[in-house]
Amino acid sequence: MNINSDVMYAETKGDITILRFKSLSDVSGINHAVSTRGGGVSTRHGLESLNLGSHTADDIENVRENYRRFCFAAGFDPMSTVLANQTHSSNVRVVTLSDRGKGVFKERDYTDVDALVTNYKKIPLVIHTADCVPVSFADKEGRAIGIAHCGWRGTYSRLAAATVDAMYQNYKVPPEDLICTIGPCICQSCYEVSEDLYQSFIERFGKSSALIRNGESFYIDLAVINKQILLSKGVLEDSITVSDLCTCCNTELFFSHRGQGPERGIFASVIELI
């Protein structure tokens, strides 16, 4: 599959196509991937075919088989994956060996978790999105990794900053040692919001090109704001890569809430220490 991206590339194994960031692929000791829509077993309208959302209307056995296929293609052990329990919170969970497999193949014993960090190898950290912003964190020295689900609420609450803090507090990884990626998400042109939300973001983050008013329409660039948040925490600009793929503009490639409506599947972003 050819994708129109300057910062990501595609790999295909069988019927499964995954995407990887060039910047993270250059970091030793890291495996990562972003799923796409094709090659799965889900048939319900809007979920076809590689739906990875266990909380959707899909049959859980379909989701588990989709995980097996995706993880096989990307080089992860599906039974070791750890999923957040996303509620648009600002909570970060420190993942240990006891969490291995929680989310799809084992029940989670935690709630309200939208970011994960760990220093254990071979535990893939997983978040789900369908327009929201996936932010990944890799220590260039190989000490730890993290991943965060930043919708507008997570962005507003600066979840990415909380994840940077968690990396330092738990593993002594300073911001300047982080390699961060901001994954495929909805672009500014597709993300029209209410005036109230627009004004709230201006009050919190200040006026910038990430917040645009066009007549009576208002637009937010969540990816750019998350980059600003990372920069404010001391992550180096050259160490932040922002995906140039919009989920809403590319519904043949990604699931998108704005592009498809509420009856849609979920794709995954994953990162692992190896």
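The values are calculated or read from the model by the stated rules, or taken from the named source; none is laboratory data. Quantities reported herein were computed from a predicted structural model and do not represent experimental measurements. Cβ coordinates were reconstructed from backbone atoms using ideal geometry, including for glycine residues, and neighbour counts include every protein chain displayed. Only protein heavy atoms, including side chains, enter the accessible area calculation; ligands, DNA and RNA are left aside. Shrake-Rupley method; radii C 1.70, N 1.55, O 1.52, S 1.80 Å.
Data table
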{"read-out": "Residue check, Gln199 open to solvent by 30 Å² or more (accessible area, probe 1.4 Å) and in contact with a Ser or Thr (Cβ under 8 Å, 6 or more places away or on another chain)", "value": "no"}
{"read-out": "Qualifying residue in region 102-123 (condition: within 30 Å of Cys190 (Cβ to Cβ), among the acidic types (Asp, Glu) and open to solvent by 10 Å² or more (accessible area, probe 1.4 Å))", "value": "yes"}
{"read-out": "Residue within region 229-241 that is out of contact with any Pro (no Cβ under 8 Å at 6 or more places or on another chain), part of a strand (DSSP E or B), open to solvent by 30 Å² or more (accessible area, probe 1.4 Å) and within 19 Å of Tyr156 (Cα to Cα) present", "value": "no"}
{"read-out": "Residue match in region 24-37 (condition: farther than 23 Å from Cys246 by Cα, at pLDDT 95 or above and open to solvent by 70 Å² or more (accessible area, probe 1.4 Å))", "value": "no"}
{"read-out": "Looking only at region 91-110, and only at residues there that are in a strand (DSSP E or B) and touching a residue at least 40 places away in the same chain (Cβ under 8 Å), the one that is nearest to Arg153 (Cα to Cα)", "value": "Val92"}
{"read-out": "Residue list for region 124-159, restricted to those being of a type in the set (D, E, K, R) and open to solvent by 10 Å² or more (accessible area, probe 1.4 Å)", "value": "Asp131, Lys140, Glu141, Arg143, Arg153, Arg158"}
{"read-out": "Residue check, Asp6 among the acidic types (Asp, Glu), touching a helix residue (DSSP H, G or I) at 6+ places or on another chain (Cβ under 9 Å) and surrounded by 15 or more Cβ atoms within 10 Å (Cβ to Cβ)", "value": "no"}
{"read-out": "Residues located in region 203-216, provided they are open to solvent by less than 30 Å² (accessible area, probe 1.4 Å) and either in a helix (DSSP H, G or I) or touching a strand residue (DSSP E or B) at 6+ places or on another chain (Cβ under 7 Å) (or both)", "value": "Ala210, Leu211"}
{"read-out": "Close pairs from region 14-40: first in contact (Cβ under 8 Å) with a residue 12 or more places away in the chain, partner hydroxyl-bearing (Ser, Thr, Tyr) and assigned to a loop (DSSP other than H, G, I, E, B), Cβ under 7 Å, at least 6 apart", "value": "Thr17/Thr36; Ile18/Thr36; Leu19/Thr36; Arg37/Ser49; Gly38/Ser49; Gly39/Ser49; Gly40/Ser49"}
{"read-out": "Residue match in region 148-165 (condition: closer than 20 Å to Ser25 by Cα and modelled with pLDDT of 95 or more)", "value": "yes"}
{"read-out": "Check on Leu211, closer than 21 Å to Cys132 by Cα, under 21 Å from the mean Cα position of the chain (by Cα) and not aromatic (Phe, Trp, Tyr)", "value": "no"}
{"read-out": "Matching residues in region 67-90 - criterion: being open to solvent by less than 60 Å² (accessible area, probe 1.4 Å) and in a helix (DSSP H, G or I)", "value": "Tyr67, Phe70, Cys71, Ala73, Ala74, Pro78, Ser80"}
{"read-out": "Residue count for region 38-66, restricted to those that are open to solvent by less than 40 Å² (accessible area, probe 1.4 Å) and of a type outside the set (Asp, Glu)", "value": "15"}
